[in-house]
Amino acid sequence: MIALGISSDTTAWLRSSGLEIILLLLGAVLFARFATFVRDRVTQRIDSGFRSSDALVRTEAAKHRHALAQVLTWVVLTIVYVLVGMELLQRLGFQVTGLIAPAAVLGAALGFGAQRIVQDILAGFFLITERQYGFGDVVRISVTGSAEIAEGTVEDVTLRITTLRNSDGEVITVPNGQIVKVTNLSKDWARAAIDVPVAATVDITRVNEVLHRVGTEAYEDPRLKPLLLDEPTVMGIDDLAMDQINIRMVARTLPGKQFEVGRELRVRVAAALRREGISETT
């Protein structure tokens, strides 16, 4: 009889609260998959729109929309998980209202240990709303307590962390609350700076003429001109030493294209100086 009573009670619980728990868990999993699917579709549409267009770089609005889709998904899923967790506690027989006082004490205790998490979330909120950077931006980040600069392409942004991938393919994860300074290398436009070291005895006027010619030819090149916003210019002497002079040449480029343009201009400058019989110092 006792066994039958236990069996009947268990069966009744499974048909009521047990079934509800299973449905809640299943619903949370399905909702998470749906939210992730919607986010992926949105980001894929943004990326496909960029690839199918004639644009060489993503617009600032596209970068922001991509990052915003990731952040909103993260926030929505967090809220859903918290609500489902509270419902599960009720189905298991815990009185959520009775847990308010202990939860307040526990929350105050955890608050001292969770200050960094709260700081990360608040910092992430302002990073997104102020559009400091977005998906695909090339950034240089100074991190609290670290002398090493985190530099790379933004691959993921949430309210808590920013994920970068550097030129070596390494993934760098930076908590938003530990970001001290952000240098965005691909916002609106960028600048490629080329320092040309030459011997102090060379004719500076002649070197400037060679560099001006290189800049004009580069701007007229059909392959480079789409990356340049205007013709590269020679700024003049940037550094002066006893046996060496540095002459700086700069070019305004599309966002994120300064590295490609800089490499190409250095090759052209080296070849032009060699043809003129002017040697660069090392």
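No lab work stands behind these numbers, since they all come straight from the coordinates. All figures in this text were calculated on a predicted structure; none of them were measured in a lab. As a convention, Cβ positions derive from the backbone with ideal geometry for all residues, glycine included, and neighbour counts pool all protein chains shown.
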FRET efficiency, Y81 to V143 (Cβ-Cβ, R0 30 Å, nearest 0.05): 0.55
Relative contact order as a percentage, the range 190-275, C-alpha pairs under 8 Å and 6+ apart, gives 42 percent
So for the range 127-184, averaging the separation of alpha carbon pairs under 8 Å that are six or more residues apart and normalising by length, what relative contact order in percent results? 34 percent
D (Stokes-Einstein, µm²/s), Kirkwood Cα radius, the range 130-268, 0.692 mPa s at 37 °C: 194 µm²/s
How big is the equivalent ellipsoid of the range 190-275 along its three axes, where each semi-axis is √(5λ) from the Cα gyration tensor, reported in whole Å from largest to smallest? 23, 13, 10
Going out from 0 in 5 Å bins, what whole percent of all Cα-Cα distances in the range 127-184 drops into each bin? 4, 21, 36, 28, 10, 1, 0
What ³J(HN,Hα) values, in whole Hz, does the Karplus curve 6.51 cos²θ - 1.76 cosθ + 1.60 give for the range 242-250 when θ = phi - 60°, with x put for Gly and Pro? 5, 10, 8, 10, 9, 10, 9, 10, 10
14 Å beta-carbon shell around V75, net charge (K/R +1, D/E -1): +1
